[in-house]
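For reference, the structure discussed in these notes is given below.
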Amino acid sequence: MSRGVILVLGPARTAVSGVSTHVNLLLGSRLAEEHELVHFQVGSEGRSENAFARLLRLAFSPFALALAIIFRHACVVHINTSLNPRAYWRDLAYLAVAKCLGARVLYQVHGGELPGKFFERSPWLTGFLRMTLKAPDVVVVLAQRELQAYREFVPSQNVVLLPNGIDCAPFDAIPTVRSFPDKPLRLLYIGRIAREKGVYEIIQGMRLALEMGVEARLIVAGNGAELPRLRRYSQALGLGARVCFTGAVFGADKVKLLEGCDAFLLPSYSEGLPYALLESMAAGVPVIATPVGAIPDVVADGTHGILVRPRDGKEIAAALATLCLDRERLSWMSRACRRRIRAAYSIDRVAGEFSLLYAELSGRGAAHLAERK
């Protein structure tokens, strides 16, 4: 049986973002052996363009998608989006084009606002959002709280929970965390340097923990507009010698950083399901994170790390003090993290579930199940 053509919409494959990571993992998985996956680039990430070029792209990109659907004979369009104004309005055009041309649409939401909150000040726009969310053939979300919210908002829609997954193989050789009471805690942040990632609270937490007698060293791996200010802030709090800024890291360099750490910090104000969190846990590094997005689905407080309230440096300091005083706890948390990711968040699991969804949408469900048997 011929393979169905699936158009997978997302940023440039070279872009540094969670959605580009997601797209690359799908295209590189066994999913590509069972379906013909074609990447269709959308969004500004990974592009170098001026304002005029961006307007031209926004104007003509829906027509380019129409041509791709027609000439590729695409049966499914997989839209990767987020419920924020920029992504929603942009991807609405792609949704309309795909439905007008008879393609089935898988609409995957990578975080953002919950639907009931998105246009809460405008009943008319809330009604419009509800109507547009009925248009896809299936809506895929990352977190339990999103599953409940979308099913309540559009009860007639087929909403499916399908969390992200990663390739665990690069992290298999990293040993379980072994931390010693006479050594400073080794902390790591990997990601975009932005205020909403809680990076200032990390520095505040370190300063407060130091006043409690907790010695720690932090590596900040990433780039972003807040980087110069964050450097100055760490200096102003007297942590210049305790905080190292490395810039963005990838591949083997990222694995090496994780190998030398006791805890990974991600106290974001909001998230979908961050790949950096999954990778740190796959490497056996316990996390200090906020219970936002899908993070509570992955991290059991006290088992895989410690959950803290957003925007609260004091809770980060308390978490650091807890781990500093109980280094053996870090070791068993490390083992629990590995088991958690390998059991439920591998790319093989994700590829298998998407394969079934693609087969169902393309009308090949029964035959595809027989092939897999």
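The values are calculated or read from the model by the stated rules, or taken from the named source; none is laboratory data. Keep in mind the model is a prediction, meaning the values are calculated, not measured. All Cβ positions, glycine included, derive from the backbone under ideal geometry; neighbour counts span all protein chains shown.
Listed here are the residues, each with its yes/no results for (1) at pLDDT below 95; (2) touching a strand residue (DSSP E or B) at 6+ places or on another chain (Cβ under 8 Å); (3) surrounded by fewer than 17 Cβ atoms within 10 Å (Cβ to Cβ); (4) closer than 16 Å to SER270 by Cβ.
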residue	(1), (2), (3), (4)
TYR189	no, yes, no, no
MET206	no, yes, no, no
GLU211	no, no, yes, no
LEU218	no, yes, no, no
ALA225	yes, no, yes, no
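Only helices (runs of 4 or more DSSP H) whose full extent lies in segment 1-88 are considered here, and the ones with at least 1 residues that are hydroxyl-bearing (Ser, Thr, Tyr) are 18-27, 51-72. Residues in segment 298-310: is at least one within 26 Å of HIS35 (Cα to Cα), in a helix (DSSP H, G or I) and either at pLDDT below 95 or in the same structural domain as LEU185 (by TED's automatic domain parsing) (or both)? No, the conditions are met nowhere in segment 298-310. Against the condition in contact (Cβ under 8 Å) with a residue 12 or more places away in the chain, hydroxyl-bearing (Ser, Thr, Tyr) and within 26 Å of LYS256 (Cα to Cα), how does SER270 come out, does it pass? Spelling it out, it is not the case that SER270 is in contact (Cβ under 8 Å) with a residue 12 or more places away in the chain, hydroxyl-bearing (Ser, Thr, Tyr) and within 26 Å of LYS256 (Cα to Cα).
Filtering segment 313-359 to residues that are within 22 Å of the chain's Cα centre (by Cα), surrounded by fewer than 20 Cβ atoms within 10 Å (Cβ to Cβ) and not in a helix (DSSP H, G or I) leaves only SER346.
How many residues are small (Gly, Ala, Ser) and more than 18 Å from the chain's Cα centre (by Cα) when one looks only at segment 182-241? Before you say what the answer is, go through the steps one by one.
Our first condition is that a residue be small (Gly, Ala, Ser); within segment 182-241, this holds for 191, 194, 198, 205, 209, 213, 216, 221-222, 224-225, 234, 236, 238, 240-241.
Next, only the ones that are more than 18 Å from the chain's Cα centre (by Cα) stay: 205, 209, 213, 216, 225, 234, 236, 238, 240-241.
Count: 10.
When restricted to residues that are in a strand (DSSP E or B), assigned by TED's automatic domain parsing to the domain that holds ARG327, under 22 Å from GLY272 (Cβ atoms) and out of contact with any Ser or Thr (no Cβ under 8 Å at 6 or more places or on another chain), segment 139-195 contains 1. Taking the criterion of being over 18 Å from the mean Cα position of the chain (by Cα), buried (at least 23 other Cβ atoms within 10 Å of the Cβ) and not acidic (Asp, Glu), the residues of segment 259-303 that qualify are CYS261, ALA263, GLY284.
Would you check if PHE354 is within 28 Å of LEU27 (Cβ to Cβ), out of contact with any strand residue (DSSP E or B) (no Cβ under 7 Å at 6 or more places or on another chain) and of a type in the set (Phe, Trp, Tyr)? Break it down into steps so the answer makes sense when it comes.
Values: within 28 Å of LEU27 (Cβ to Cβ): yes; out of contact with any strand residue (DSSP E or B) (no Cβ under 7 Å at 6 or more places or on another chain): yes; of a type in the set (Phe, Trp, Tyr): yes.
For PHE354, the condition - within 28 Å of LEU27 (Cβ to Cβ), out of contact with any strand residue (DSSP E or B) (no Cβ under 7 Å at 6 or more places or on another chain) and of a type in the set (Phe, Trp, Tyr) - is met.
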